[in-house]
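The values are calculated or read from the model by the stated rules, or taken from the named source; none is laboratory data. Computed from a prediction, not measured in an experiment: that's the story for all the values here. In this analysis, Cβ positions are derived from the backbone assuming ideal geometry, glycine residues included, and neighbour counts consider all displayed protein chains.
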Amino acid sequence: MKLVSKSSDNRRPSNPPRSNAPVRGPTLGRNVTPDGRPAPSQGYSTTPNSNNVPQSVGIIKNPIQAKNSNTKKSTTRTIKKNTPVKAILITLMIIVILAASSFIVLGFYVDSLDTIFPNVWADGVNVSGMTLQDAVAHLIYVGYEDNAEGISATVIFPDNTSFSITGNDVGLSFNAMEAALAAFAFGRDDTFFRNEIQYIRSLFERTELNDLSTPVYDDSFIRLLAAEYTERFNTTLFNSSLVPNNEYITIIRGSGLHPAIEENVHSLAINTLRQAISTHDNITVRYSPEENAGDSIEAQIYELQLLFDEIHDDAISAQWDVDTLSATTSSNGRTFDLEQAISSLRNAANGQRIIVEIETLEPEYTKEFFESVIFAHKLSDSTTREASGNSNRLGNIQLAANKINGTVINPGNEFSFNEIVGRRTVAAGFRAANTIRNGIFEPGIGGGICQVSSTLHDAVLHTSLEVVERTPHGLRIAYMPVGDEGTVLGNADDVAAVGGRRFANDAMVNWGTNDYRFKNNTDFPIKIVATVSGRNLTIELWGTRLNENNEEDKSYFVVETVILERFQSGTTEQLADWLPEGTREVHEGAKGQFGYRVETFKLHFSEDGELLSRTEISRRRYNAQSQIILIGTAPIVEAPPPVDTTPQPTPDPGDGGEGGDDGDSGGAGDG
C-alpha cells in the first residue's frame, strides 16, 4: 500500500496521478480516498495537514458524507473503537488454528514415534530417545542384568546370631528387555491427546521409572539359610539336641521366647531382600518370635538334663574279636559337664548367654593301637620234661598240647582245660599211662596230661592272670622244673630232695571232677602257645603288657615256695599172690616219698628289681607215700607158669595226680 502526502503550501498537484483501474464505488473490504486511491488499511494517514496535525482517515461510503465534518468525526470514532478488537480476534483465531494444527501434527508425530520419550530413566539408566533395541543393548552394556552389587538383606535373631543374603549369593539378575519394554511403553498407554501431553511434559522434566524388571534369584538358598539359622536359634532354647558345629551348646537364661518358625524367618528374609533390590541398598532387620510368659529357669534346667541324656555318649574302645581274630572299631564319645552347666544357668542374669563346651571322650584303645600291641609281648613261659621215656605218656602230652595250642582268651573270659582238651578216651586218641589212684601210680587212659595242666598253671602264676580253679595233686610230682626262684625256708638239703623250688605249682585235672581254669583279667586277649620238642613241653603265654603311659610294662613275677614241714614216708608190706613164695619186691607204683606242707607266694618286682608286692597264693599239704614191699605167697612149682610178654608202662614217681584236701589220699587224676 502507497501512502499520499500533501504539500507544505496546501496546494494540490496540477496533475494528480490516476490509476489505470477504473474507479469503483465503495466495496466491502476496500477503503479509498476521495481521489480514488486506496486509503491506509489501519484508518490512519501519515500525510501531514497544513497544521502538521495527523489527520484520521476513515472508510468513506458516500462522497457527500465526506464533506460533512460532523459525520466524519462520528464515523472516525466508531472505527477507532471496533477495528482493533476485531483484528485481535482474527489474530487469535489464526493463532488458535495454527496451534491446533500444530498440536494435531505433534500428536501424530508422537503416535508414530519409535523411540523412548525424552528424559526417561529406567532403573537409574538414561534411555531417553533410544529405540527399543538400542535401549536393550545399552542396559546390557552398563551391566543392568548383572547389577547385584550393593544389595543385601540381613536377619538378626534375638540371641544376636544372624545370616546375610547378598545379591551375588542368590544369583540375582534383571531382564534388560523387560526394563526396555517398560520404558518404551511410558506415555503410550493412554489416549491420543494424553500421550501427547505426556510427551510435552517429558521435554521439560525428568522421569524416573523404577522396578521395571522382575528380579530373578535362587529362593532355595534363602530357604536353606532360614532353616539352618532357625534350628540353630531354637537349639539355644533347647528345642533341638545340639548345635551344628558339635563344639558347644548355647543357653540363654530366661529368654522368654517361643521357638522361631522357619516359614516366618524365610518370609522376613524374602521381603527384606525385595526391599533391598528395590532401593539397591543393604537392609538389616530383626526377627522377634512371640514371647512366652511361662518360660522359667526350672523348665530350662529340665530341658538341659534332657539334652545331656541325648548328647552324652561313652567312647567305645577297641576290643579283640575272637571269631574274626581282629580288633573291633573304636569311636570317640562326647559329653558336657551337666552340674557346671546347671550352676552357670542358675547364676546367670536374664537374657545372658551361656556357652557350654562339649567334651570329646577318647577311647582307651583305638583299633589301630590295639592291633599294634596285640600279642606283642610274651607274658611268661614254663618248660617241663617228660623223664619216664614212656611213649604213651609222651603221646598224651603231645595230644593235649596240640589241643590248647593257639587258644585265644578274650578279656574277661575264662579258659577251661577240660572244655578245650575234652574227655580223655581211646576214641579221642588218648592212651594208657601212669596216673595216681588211691595213692599209687598205676596205668590209666590219659595218663600224663596233668603235666600239661601243671606246666600251664606254672606259666599263669608268673603273670597277673587270675586263677579261678586249681586242684593240687595229693602226692608230690617230679616233673615240675628245678629253678632258682624264691627263698625256701628250712633245711637246704630238702630242696634237692623235693626236686626243686617250683614243685608246688602243679595242677591236677580229671574229667568230670577237677578242672583247671583261669580268667583273662587284662584288657587284651591272651594266646596260648604249646609246643613239644623231644621230651620237653614248653607253654608260652602271649598278650599285651602296658603301663599307664601305654608303654610296655617290664615288671615281672617270681613264685616263692616255702617248705614249712617234711613228713617221713615209712614202709609197709603187702602180700602178692602173683609172686613166688618168699619173694620180696618194692612196689613199682609205691616206692615211697616224703610228704610236705608248703606255702606259696607270688612276688611282683619292678623292672629295676624293686619289690612291689608279695601275695600268698596257696597253702598245701602233699602226703607222704609209704614204700610198699610186696611179699610173694604163690607156691613154688616145678614148671613155672608162662611169662606174660605184654609191655607194661614203666612206673614214674611223680606221674599222675590226686585230688582231695590235706590228708586226703583218695580220688584219681589224669597224671
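Quickly run through region 331-352 and pick out the residues that are in a strand (DSSP E or B) and β-branched (Val, Ile, Thr). Of everything in region 331-352, just one residue is in a strand (DSSP E or B) and β-branched (Val, Ile, Thr), namely THR335. Go over the candidates ILE165, ILE151, ILE197, ILE116 one by one and state the one that is surrounded by 15 or more Cβ atoms within 10 Å (Cβ to Cβ), at pLDDT 80 or above and within 30 Å of ALA100 (Cα to Cα). Being surrounded by 15 or more Cβ atoms within 10 Å (Cβ to Cβ), at pLDDT 80 or above and within 30 Å of ALA100 (Cα to Cα) holds for just one of ILE165, ILE151, ILE197, ILE116, which is ILE116. Counting residues in region 121-131 that are closer than 30 Å to ILE251 by Cα, of a type outside the set (D, E, K, R), surrounded by fewer than 14 Cβ atoms within 10 Å (Cβ to Cβ) and at pLDDT 75 or above gives zero. For ILE88, the conditions (1) without any contact (Cβ under 8 Å) to a residue 24 or more places away in the chain; (2) closer than 13 Å to ALA185 by Cα are fulfilled apart from (2).
Considering THR272, THR335, the condition of being over 30 Å from ARG223 (Cα atoms), at pLDDT 90 or above and surrounded by 14 or more Cβ atoms within 10 Å (Cβ to Cβ) is satisfied by THR335 alone. When the residues of region 544-565 are narrowed to those that are more than 20 Å from SER613 (Cα to Cα) and in contact with a helix residue (DSSP H, G or I) (Cβ under 9 Å, 6 or more places away or on another chain), which ends up surrounded by the fewest Cβ atoms within 10 Å (Cβ to Cβ)? Among them, the one singled out is ASN550. Between GLU364, GLU339, GLU357, the distinction of being over 16 Å from LEU546 (Cβ atoms) and under 23 Å from the mean Cα position of the chain (by Cα) belongs to GLU357 only. Number of residues in region 177-199 that are assigned to a helix (DSSP H, G or I) and touching a residue at least 24 places away in the same chain (Cβ under 8 Å): the value is 14. Among the candidates ASP146, ASP169, the residue that is acidic (Asp, Glu) and without any contact (Cβ under 8 Å) to a residue 40 or more places away in the chain is uniquely ASP146.
Summed over region 208-225, the residues that are farther than 30 Å from GLU262 by Cβ and either of a type in the set (Asp, Glu) or buried (at least 18 other Cβ atoms within 10 Å of the Cβ) (or both) give a count of 3. Six or more apart or on different chains, Cβ under 8 Å: which pairs go from a residue in region 569-596 that's within 29 Å of ASN505 (Cα to Cα) and surrounded by 16 or more Cβ atoms within 10 Å (Cβ to Cβ) to one that's at pLDDT 75 or above and aromatic (Phe, Trp, Tyr)? Could you list them? From region 569-596, the pairs are PHE594/PHE567; GLY595/PHE567; GLY595/TYR622; TYR596/PHE567; TYR596/TYR622.
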